[in-house]
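The structure appears right after this line, and notes come after that.
Just so you know, all these numbers are worked out from the coordinates, no wet-lab data involved. In this text, all values refer to a predicted model and were calculated from it rather than measured experimentally. Don't worry about glycine lacking a Cβ; one is built from the backbone with ideal geometry, like all the others, and counts go over all protein chains shown.
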Amino acid sequence: MRLDIVSIFPEYFAPLDVSLIGKARERGTLDVRVHQLRDWAHDVHRTVDDTPYGGGPGMVMKPEVWGEAIDTVCGTAVGAVAGTAAGGGSPRMIVPTPSGRPFSQELAQELAEEPWLLFACGRYEGIDSRVMEEYSSRLRVDEVSIGDYVLAGGEVAVLVMVEAIGRLLPGVLGNAQSAVDDSFAPGSMRNLVEGPVYTKPPVWRGHEVPAVLLSGHHGNVARWRRDEAIRRTVRNRPELAAELDPETLDKRDRKLLEELSFRVGQKDVAN
Ligand SMILES: C[S@@+](CC[C@H](N)C(=O)[O-])C[C@H]1O[C@@H](n2cnc3c(N)ncnc32)[C@H](O)[C@@H]1O
């Protein structure tokens with residue numbers, strides 16, 4: 001997968017050299033290219049922002065600079081990535097913004113299936129809206145929010161997304177099963193968060209590991225893990241638990257939810 005990231009702070013992306021993502025880059029699973037937006041500014045100060053039309057505080061990122069940056073990155077398609085799925089194609093463009101559609105495990109999975117992503121990191125009050133309008137006719141453009149809070153810039157949001165997407169690529173996780181058992185994973189973990197996890201020693205400062213995990217009985221362990229996932233979701237994320245698909249619940253799930261006095265499908269989820 002190819003990832004292009006355009007930002008006025010390329011140094012923000014140093015963490016992409018380490019850990020799972022760093023190894024995926026070394027192996028060539030991920031081809032990450034970080035670009036300095038100011039390289040496409042032409043004045044002596046390499047200006048990328050200007051005052052907002054309509055007045056108000058803050059600055060807005062200029063469309064001309066973004067246009068040149070995106071055109072250049074898209075223009076590197078043929079040849080630069082020849083022989084890959086992205087050869088000759090165009091990237092899907094992701095614009096982080098608090099006003100975008102929510103980022104989720106489901107969207108991470110969808111994006112992990114793309115051959116090429118282009119991230120446009122906003123700063124100040126964001127990017128002139130005409131940039132998204134312009135490229136929407138040529139590329140698939142998604143404005144994406146990583147949560148209901150406001151960051152100073154899109155760089156951290158892109159790091160979050162790249163890590164979530166990158167770990168889903170084949171061969172990136174040491175054990176592919178980890179992603180299947182994760183919170184929010186499609187399938188039996190949809191709308192559930194993972195329960196507690198433990199390692200050795202069996203007793204630490206008087207706290208014991210639940211006996212079932214030492215039993216070696218795979219069926220009981222799986223059942224316990226599912227029970228704990230349900231309990232924790234009801235406790236910490238009742239709005240998610242309320243959306244559990246009744247079709248995916250077995251008899252034991254339903255009994256546990258009843259014990260927890262939790263009704264799936266309830267909109268009023270105070271518990
Ligand atoms: C200070 S914010 C701009 C906020 C904007 N005035 C608003 O209220 O929607 C600057 C940049 O940070 C990034 N950003 C801030 N919060 C974000 C979030 N929750 N998700 C994704 N990107 C975010 C975006 O790139 C945004 O253009």
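Quick check on the chain: helices-only [θ] at 222 nm, where DSSP H runs of length 4 and up contribute -39,500 (n - 2.57) each and the sum goes over total residues. Nearest 500, please. It would help to have the intermediate numbers written out before the result.
Values: 9 runs with 88 residues, N = 271.
Mean residue ellipticity at 222 nm (helix-derived): -9500 deg cm²/dmol.
In terms of packing, defined here as the mean over residues of other Cβ atoms within 10 angstrom, the peptides 212-220, 159-167 line up highest first as 159-167, 212-220.
Residues whose amide H comes within less than 5 Å of that of D49, counting only those at least five positions distant or on another chain, are K62 (H built at 1.01 Å from N in the peptide plane).
Computed 3J(HN,Hα) for region 42-49, one whole-Hz value per residue from the Karplus formula 6.51 cos²θ - 1.76 cosθ + 1.60 where θ = phi - 60°, is 10, 8, 5, 8, 6, 6, 10, 9, glycine and proline marked x. Among the DSSP helices (H) of the chain, those spanning at least 15 angstrom by Cα along their long axis with an average Kyte-Doolittle hydropathy of 0.0 or more are 63-75, 154-166; this is a geometric and hydropathy rule only. A simple rule links phi to the HN-Hα coupling: the Karplus curve 6.51 cos²θ - 1.76 cosθ + 1.60 with θ = phi - 60°, which for region 178-187 gives 3, 5, 5, 8, 4, 3, 6, 4, x, x Hz, with x for Gly and Pro.
Amide H to amide H distances under 5 Å link D4 with R33, L117, L118, F119, where only residues 5 or more positions off or on other chains count and H is placed in the peptide plane. Phi-derived couplings, Karplus 6.51 cos²θ - 1.76 cosθ + 1.60 at θ = phi - 60°, listed residue by residue for region 97-102: 6, x, 8, x, 6, x Hz, with x used for Gly and Pro. Pairs of Cα atoms nearer than 8 Å and 6+ residues apart set the relative contact order; for the chain it is 16 percent. With 0.36 nm allotted per residue and the present C-alpha distance subtracted, the D71-E26 stretch has 13.5 nm of extension available.
Each of R254 and N220 was given a label point 7 Å from its Cα along the Cα-to-Cβ line. The distance between the two points is 2.6 nm. The simple Förster model, with R0 at 51 Å and r as the Cβ-Cβ distance, assigns D182 and V44 a FRET efficiency of 0.55.
Database remark: amide H of E143 closer than 5 angstrom to the amide H of V95, R101 (H placed geometrically; neighbours at sequence offset of 5 or more, or on other chains; Pro and chain starts carry no H).
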